[in-house]
Amino acid sequence: MIKEHDRVVLTEDVAQSGLQAGDVGTVIHIYQYRAGYEVEFFTLAGGTFVVASVNANQVRAVTSNELTHTRPVAAVA
């Protein structure tokens, strides 16, 4: 079960937010009935890239045998 402050992985692109499947974010809010989540995505320097509302089927929990990798993004304001 995904809880607030858990890290999650996107399972599909969220193009309107500039996010791609595989991006890792932190849950900051859980919507009623766990229908979706508000997730904050950070750059590795610690800046917020975007906060996105996603449906429950667009994310999954992080597992212990995964490795984080990077990709470039547009400049963060």
- In whole percent, what relative contact order does the chain give with Cα contacts below 8 Å and a gap of six or more residues? 28
- Separation between Cα centres of the range 49-70 and the range 1-41, rounded to whole Å: 6
- Give the residues of the range 1-36 whose amide nitrogen is closer than 19 Å to a point set 7 Å from the Cα of residue 74 in the direction of its Cβ. 13-21, 23-24
- Query: HN-Hα J couplings of the range 22-32 from phi, Karplus 6.51/-1.76/1.60, θ = phi - 60°, integer Hz, Gly and Pro as x?
  - Reply: x, 5, 10, x, 10, 5, 10, 7, 10, 6, 3
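Since every read-out is calculated from the coordinates, none of them should be taken as a lab result. Because the structure is a prediction, the values reported are computed rather than measured. Methodologically, a virtual Cβ is constructed for each residue, glycine included, from the backbone with ideal geometry; neighbour enumeration extends over all protein chains shown.
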